[in-house]
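K.L.:
Quick one: the structure is below, and I'll ask about it shortly.
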Ligand code: GLU
């Protein structure tokens, strides 16, 4: 891959909670784009909204990003091992214990850059492009109420811009009157910018309020902080969710006010639920953690998320992609404009595909914690809990398993030998009970005759199928019910193989006794 030092992208989450699946997609697309173009990706923390701060959220974000396999080159890290060969100096974060920052454009945590934003805000005031606003919240509220009453959309009436003389402003500042700094938005102009996904986007400046860029607590608003950082960190492409599209004209106006070059924008489509409404917390899980908890694999989740708004293009039907393949195929310009439906059925299918391909060892290691949480497992006899036994259960279930958390759910008879069933279920269609008894006895003798070493999945199957001949239903159905107590289950030979000869014979005896 060519080394394109000029392409620089960023993932800039606000630490307000867990990593959302939508944020995982934004981070992933940034990562794929950086890898594909030979550029760099950085992780920046946008924590200037003090009200929304959640303790532990930065660490959790980093943990889950790393878990997903997304690797960034610069910015915020927690694992010193990952950056020990980093070319630039590594510093400890001032505001977050145990968090490190690496790269030449730091700090990468916005709450550590407050002086920088203040400097730029004041610069705009000095140039007449922004102004101090001393309006009290009560006045602003009343103004908005009146505007709404008169059918107008609420907008700052520029009281402080038009009424305050320089002496008054200086006096107010000297008295430390609470104030904000607002950007003077030009009137009657169009703000036009290029979006890689949407093409030319245009907004009228008349719809844009004089934005507060520095709040009364001295913190920047998202708009100022994001623009200043993207400029200082030399970001070439801003790839983020569509919910930020209405903010972009404000950003473009800020770039203009500073006289800085505007980066390329790419706004990723909204995530929708199957009713085509915006995906929200209220309707279900949105945190990556929740999906892991539910038994989805990392590879499957990343693969699924990659397809939320992107596919390799016409005529290409591939749906299963490794990260390497995604890097190879991904193109920002092929991302769709239309909202992407978060379809759990598709996630299940993708997950199932990955489960099918897992090695027996890996499947065992990954499913064990799920087994251990299940009541049927806790209550199961000890001999059903060992690795060898569980691997056999998994060998049977693997083909149809969609989520790791589903293990054993359909086949609890592997863990419970006292299941109850109706004797009538032992008969295949209208076969008589005499025949059921006879066939069960034949099966029992055959199974009894298999020596311990020959008790393999293949040989048990072969012997039973041969004995069944043409009469598969009459021979295999009663045996299957005797072994499982279920209408539907894996084949009797598979069940026999898993539970072992002794248990198998015991279950047949139990069925025979039940028929007496
Ligand atoms: N901090 C914003 C967020 O949490 C980032 C928006 C952007 O990428 O500009 O989504």
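Laboratory data are not the source of any read-out in this text; all were calculated from the coordinates shown. Predicted model only: the values in this text are computed from it and were never measured. Cβ coordinates were reconstructed from backbone atoms using ideal geometry, including for glycine residues, and neighbour counts include every protein chain displayed.
K.L.:
With labels modelled as points extended 7 Å from the Cα through the Cβ direction, what inter-label distance (nm, one decimal) is found for residue 316 paired with residue 372?
P.N.:
Between residue 316 and residue 372, the label points sit 4.1 nm apart.
K.L.:
At residue 416 and residue 59, where each label point lies 7 Å from the Cα along Cα→Cβ, what is the point-to-point distance in nanometres?
P.N.:
The two pseudo-label positions are separated by 4.0 nm.
K.L.:
Would you mind checking the tilt of helix 344-356 against the longest principal axis of the Cα atoms of the chain, expressed as 0 to 90 degrees and rounded to 10?
P.N.:
Once rounded, the angle reads 60 degrees.
K.L.:
Decide, for segment 265-326, between rounded, prolate and oblate: order the square roots of the alpha carbon gyration tensor eigenvalues as a ≥ b ≥ c, take rounded if a/c falls under 1.5, and otherwise choose prolate if a/b is larger than b/c, else oblate.
P.N.:
In terms of gyration-tensor shape, oblate.
K.L.:
Report the gain in length on full extension from residue 461 to residue 514: 0.36 nm times residue separation, minus Cα-Cα distance, nm rounded to one decimal.
P.N.:
Between residue 461 and residue 514, full extension yields 16.5 nm more.
K.L.:
Which FRET efficiency value, to the nearest 0.05, is calculated for residue 104 and residue 331 with the Förster distance at 25 angstrom and r the Cβ-Cβ distance?
P.N.:
0.30
K.L.:
If you don't mind, there's one more thing I want to ask. Just to be sure I understand: of the beta bridges DSSP finds with both ends in segment 25-137, what percent are antiparallel, rounded to 5?
P.N.:
65
K.L.:
Calculate the FRET efficiency for residue 155 and residue 217 from the Cβ-Cβ distance with a Förster distance of 25 Å, rounded to the nearest 0.05.
P.N.:
0.65
K.L.:
For n ≥ 4 DSSP H runs only, could you compute -39500 (n - 2.57) per run for the chain, divide by its residues and tell me the 222 nm figure to the nearest 500?
P.N.:
-13000 deg cm²/dmol
K.L.:
Separate question: If you average the sequence gap of Cα pairs under 8 Å that are 6 or more apart and divide by the length of the chain, what percent do you get for the contact order?
P.N.:
12
K.L.:
Quick check on the exposure proxy: order 397, 470 from fewest to most C-beta atoms within 10 angstrom.
P.N.:
470, 397
K.L.:
Now, a different point. Need one number: nm distance between label points at residue 281 and residue 433, each 7 Å from Cα along Cα→Cβ, rounded to one decimal.
P.N.:
6.0
K.L.:
Among 62, 83, rank each residue by its count of other Cβ atoms within 10 Å, from fewest to most, as a rough exposure measure.
P.N.:
83, 62
K.L.:
For q = 0.06, 0.07 Å⁻¹, what log10 I(q)/I(0) does the chain give under the Debye formula with an equal point scatterer on each alpha carbon and no solvent?
P.N.:
Result of the Debye calculation: -0.45, -0.57.
K.L.:
Place the peptides 159-167, 102-110 in order of packing, highest mean first, counting for every residue the other Cβ atoms within 10 Å and averaging per peptide.
P.N.:
Most protected by this proxy first, the peptides run 102-110, 159-167.
K.L.:
To test your reading of the geometry: what angle, between 0 and 90 degrees and rounded to tens, separates the Cα axis of helix 222-232 from the longest principal axis of the chain?
P.N.:
Between the helix axis and the principal axis of the chain, the angle is about 90 degrees.
K.L.:
Would you kindly state how much longer the chain becomes between residue 79 and residue 445 on full extension, computed as 0.36 nm times their sequence separation minus their alpha carbon distance, in nm to one decimal?
P.N.:
Gain in length upon complete extension: 125.6 nm.
K.L.:
What ranking of 40, 516 emerges when the number of other C-beta atoms within 10 Å of each C-beta is taken as an exposure proxy, fewest first?
P.N.:
Final ranking by Cβ density, sparse to dense: 516, 40.
K.L.:
Same structure again: What is the extension gain from residue 261 to residue 122, computed as 0.36 nm multiplied by their sequence separation minus the C-alpha to C-alpha distance, in nm to one decimal?
P.N.:
Answer, rounded to one decimal: 48.0 nm.
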